[in-house]
Amino acid sequence: MDAKIPAGPLAEKWASYKAHAKLVNPANRKKMDIIVVGTGLAGASCAASLAEMGYQVKSFCFQDTPRRAHSVAAQGGVNACKNYRNDGDSIYRMFYDTIKGGDFRAREANVYRLAECSQQLIDQAVAQGVPFAREYGGYLNNRSFGGVQVSRTFYARGQTGQQLLLGAYQALMRQEAAGKVQLFTRHEMLDLVLIDGKAKGIITRDLQTGAIERHGAHVVVLATGGYGKMYYLSTLAMGCNASAIWRAHKKGACMASPSWVQFHPTSLPQSGEHQSKLTLMSESLRNDGRIWVPAKQADERAPNDIPEAERDYYLERRYPSFGNLAPRDIASRAAKERIDAGFGAGVMKNAVYLDFSKAISEQGQNKIAEKYGNLFTMYQRITGINAYRQPMLISPSAHFSMGGLWVDYELMTTIPGLFALGEANFADHGANRLGANSLLQASVDGYFIAPYTIPNYLAGELQGGKTDTDHPAFEAAEKAVRQQLQQFLQSKGQLPADHFHKTLGKILYDYCGLSRNRAGLEKAIREIKALKEQFYHELCITGNERINTELEKAGRVADYFEMGELLCHDALTREESCGAHFREEHQTPEGEALRDDENFCFVSVWEWNKGEPVLHKEELVFENVKLSVRSYK
C-alpha cells in the first residue's frame with residue numbers, strides 16, 4: 001500500500017507537500033464539479049472551503065438541515081497545542097501523545113500533520129465566532145482530556161461540537177447563497193459510480209419522494225462519519241449509518257482495520273430493553289469527577305450511604321499517574337472488569353459511579369455548574385437524579401470508529417478520485433482515539449488538508465470535461481439500487497429491520513466488543529451469517545417506495561451484516577491486543593493489552609471479494625518515536 005508520504009524530515013513533510021502540490025487556476029476551477037457527501041464538520045468545512053476557492057460543489061446529507069449532522073453531539077472540546085497554559089505543550093508532544101494513545105498503530109506523518117494544523121484551527125474557529133470558554137481576563141481557557149498531562153482542550157461548555165458545526169454551517173450557507181454550493185438535504189447516497197476506474201458520481205435517493213437520482217462530478221468526497229451504530233446501542237444518533245463507505249468499499253475502496261472501535265467510558269448505562277441508543281456524557285467530566293465502585297460485591301446501598309473507606313477508586317488505584325484521565329480504551333476496560341467481577345452499580349448492576357462531591361466541596365457548586373451545567377441538566381432530565389447531590393451512573397458504550405476507509409497521505413482512497421474525510425477514514429488515531437481529537441481531525445481534514453490535496457488530483461483531470469450521467473456506468477449503478485429496494489419492498493416476512501439490527505448489535509457487543517477471543521469471534525461470524533440469511537427471508541417492510549423510514553433502515557442493516565462480518569474477521573486475524581482491540585489471549589499478567597510489534601506492526605487493509613475479504617498490509621515505520629509498552633501507571 002503506497003501511502004504517498006512526502007520525503008524529508010517529519011516536521012517539514014506537510015510544508016513540502018503544499019509547496020510542491022499541483023494547482024488549478026481560477027478559470028478552470030469553475031469548470032470542476034465536486035460532490036461532498038455529509039455535512040458534519042469534515043463535510044461542511046470541505047464543501048465551504050472548496051466552493052470559496054471557486055469549485056462547483058454539490059453537498060448531500062440525509063438530515064433535513066446540515067446543522068443536524070452528528071458533529072453536533074460532540075461535547076467536551078477540541079485539542080490544539082497552543083501551549084496557552086505554559087505547561088510544556090508543543091507540536092511534538094501532541095504528536096507523541098496521539099501516537100502513544102493509539103498504541104503505536106498510526107502513521108507518523110499523518111499524526112504529526114494533525115498536531116501541526118491544530119494550531120491554525122483555533123484561530124479559524126475564533127474568527128468564525130465560535131464562543132470558546134474564556135478566563136476572567138478574556139484569554140481562551142483550556143482543560144485536560146484523557147491520555148495527556150497538559151491542558152490543550154478548547155471548549156464551549158459541553159456544546160463544543162455544536163458551536164464548531166455552526167461555524168462550518170454558516171460558511172457552507174454563505175457559499176450556497178453565493179450559488180457555489182448546491183445543497184441536497186434529505187438525500188441518501190446508495191451507490192458510488194466508477195468510470196474507467198475513477199470515482200465520477202453517486203446514486204442517491206430523495207427520502208421525501210423516493211426518487212432515484214444520478215449526480216456526476218470530477219471528485220467524490222465521503223465525510224459520512226463512523227459505523228459505531230452497527231452495535232445498535234451506541235452514543236450515535238439513530239440515523240447514523242455506514243452505507244456510504246460500505247458501498248464505496250464494495251466498488252473497490254479498501255477498508256482499514258475495521259475492528260478498531262472505541263467504547264466511550266462515560267455514557268449513560270442501559271436501563272432496559274426499550275432503548276434504541278445510549279447518551280454520551282462528556283469525557284471532560286473526568287477532570288473533576290472521580291470514578292469508583294463499591295468495594296463490596298452486589299452492594300445494594302445508595303451511593304451516598306457508602307463510606308469513603310468502602311469505595312474503590314479503581315482508576316486512581318491502577319493508574320496513579322493519569323488517574324481518572326486514563327485513555328478511553330483503558331478506562332472502559334477497567335469499568336467492564338469491575339462490572340463483570342460483580343462490583344457494578346445501579347439497578348442492572350451495569351454501571352460505575354462518577355462522583356463530583358470532592359470537586360464541589362473544594363470549588364463550590366457554582367464553579368462546577370459554570371463548567372458542566374448543561375451536562376448536569378441533561379443528566380437530570382434523563383435520569384431524574386441531581387448529580388450535584390449524588391454520583392452519576394456511567395457505563396462504556398460503542399462510540400467512535402478508528403477504522404474506516406483506507407486513505408493515503410492525501411486522504412484519497414484506493415479508488416482514484418474518491419476521498420474520505422473525518423471519521424469515515426482510518427488515518428489519524430491508530431487503535432484508540434484520544435478525547436477531543438475527533439472534532440480536530442474532522443475540522444483539519446476539511447479546512448486545511450482537502451483544499452490542498454483535492455486540487456492536486458484535479459490538476460490531472462482538466463481534459464476530462466463534464467461527467468455524463470447518461471453513461472452506462474450510471475445506468476448500471478441505478479439499476480442495482482432499484483433492484484435492492486424492490487427486493488426489500490417485496491419481502492413477505494414478519495420482522496422489522498430494527499429486530500435484526502438489535503440482534504446484530506448484541507452479537508457484536510458480546511463477542512467483538514470491549515474484549516474479544518478466538519472462540520467468540522468465530523461464533524459471532526457464524527451467527528451473523530445465519531442472521532443475515534434470516535433477514536432476507538423474514539424481513540417485513542411496510543409502505544411503498546416513497547417516504548419510508550423502514551425501507552431506509554433495511555438497506556443500512558443489510559450493509560451492517562456484511563460489515564459486521566468483516567469487523568469480526570479483522571479482529572480474528574489480528575493476534576495481538578492494541579488500543580481498543582483487546583484479545584483476551586494476548587494480555588499481560590496485570591490484564592493490560594499486549595502488543596506484538598514483530599508480527600502486527602501494520603494496518604490491516606481489506607479488499608472486497610464478494611464476502612471473502614483479501615488482506616493487504618500497510619507496514620508502519622517509526623523513525624521519530626520508539627516503540628514502547630504503553631503505560632499510564
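If the condition is being open to solvent by 50 Å² or more (accessible area, probe 1.4 Å) and assigned to a strand (DSSP E or B), then the range 601-627 contributes Glu607, Val614, Leu615, His616, Lys617, Glu619. State yes or no: is Ala431 modelled with pLDDT of 95 or more, open to solvent by less than 10 Å² (accessible area, probe 1.4 Å), among the hydrophobic types (A, V, I, L, M, F, W, C) and under 27 Å from Cys240 (Cβ atoms)? Yes: the conditions hold for Ala431. Scanning the range 99-137 for residues that are part of a loop (DSSP other than H, G, I, E, B) and under 19 Å from the mean Cα position of the chain (by Cα) turns up Gly102, Asp103, Phe104, Arg105, Ala106, Arg107. Pairs meeting the criteria (first residue in the range 358-382 and modelled with pLDDT under 95 and surrounded by 13 or more Cβ atoms within 10 Å (Cβ to Cβ), second residue of a type outside the set (Gly, Ala, Ser) and not in a helix (DSSP H, G or I), beta carbons under 6 Å, at least 6 apart or on different chains) are Asn374/Arg157. Could you tell me how many of the residues in the range 266-312 are of a type in the set (D, E, K, R), assigned to a strand (DSSP E or B), without any contact (Cβ under 8 Å) to a residue 60 or more places away in the chain and in contact with an Asp or Glu (Cβ under 9 Å, 6 or more places away or on another chain)? Matching residues across the range 266-312 total 1. Of all residues in the range 168-179, those satisfying the criterion of being open to solvent by less than 20 Å² (accessible area, probe 1.4 Å) and touching a strand residue (DSSP E or B) at 6+ places or on another chain (Cβ under 7 Å) are Leu172, Gln175.
Only residues that are aliphatic (A, V, I, L, M) and open to solvent by less than 20 Å² (accessible area, probe 1.4 Å) were counted across the range 329-357, and they come to 8. Is it the case that Glu598 is open to solvent by 60 Å² or more (accessible area, probe 1.4 Å) and in a helix (DSSP H, G or I)? Taking the combined requirement at face value, the residue satisfies it. Considering only residues that are of a type in the set (S, T, N, Q) and either in contact with a His (Cβ under 8 Å, 6 or more places away or on another chain) or buried (at least 17 other Cβ atoms within 10 Å of the Cβ) (or both), look in the range 183-225 and name the one that is nearest to Glu545 (Cα to Cα). Step by step, filter the range 183-225, then rank; the result is Thr204.
Each row is one residue, and each column tells you yes or no for (1) charged (D, E, K, R); (2) touching a strand residue (DSSP E or B) at 6+ places or on another chain (Cβ under 7 Å); (3) touching a residue at least 60 places away in the same chain (Cβ under 8 Å).
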{"site": "Gly158", "(1), (2), (3)": "no, no, yes"}
{"site": "Leu166", "(1), (2), (3)": "no, no, yes"}
{"site": "Val181", "(1), (2), (3)": "no, yes, yes"}
{"site": "Asp191", "(1), (2), (3)": "yes, yes, yes"}
{"site": "Ala199", "(1), (2), (3)": "no, yes, yes"}
{"site": "Ile202", "(1), (2), (3)": "no, yes, yes"}
{"site": "Glu213", "(1), (2), (3)": "yes, yes, no"}
{"site": "Val221", "(1), (2), (3)": "no, yes, yes"}
{"site": "Ala244", "(1), (2), (3)": "no, yes, yes"}
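Looking only at the range 409-418, decide whether some residue is at pLDDT 95 or above, open to solvent by 40 Å² or more (accessible area, probe 1.4 Å) and not in a loop (DSSP other than H, G, I, E, B). No: zero hits. Every condition in (1) touching an Asp or Glu at 6+ places or on another chain (Cβ under 9 Å); (2) of a type in the set (A, V, I, L, M); (3) assigned to a strand (DSSP E or B) is met by Met189 except one, and the failing one is (1).
The values are calculated or read from the model by the stated rules, or taken from the named source; none is laboratory data. What you see is a predicted model, and the numbers here were worked out from it, not measured in a lab. Glycine gets a Cβ as well: all are built from the backbone with ideal geometry, and neighbour counts include every protein chain shown. The protein model used for the area step is the full one, side chains on, heavy atoms only, and it has no ligands, DNA or RNA in it. Shrake-Rupley method; radii C 1.70, N 1.55, O 1.52, S 1.80 Å.
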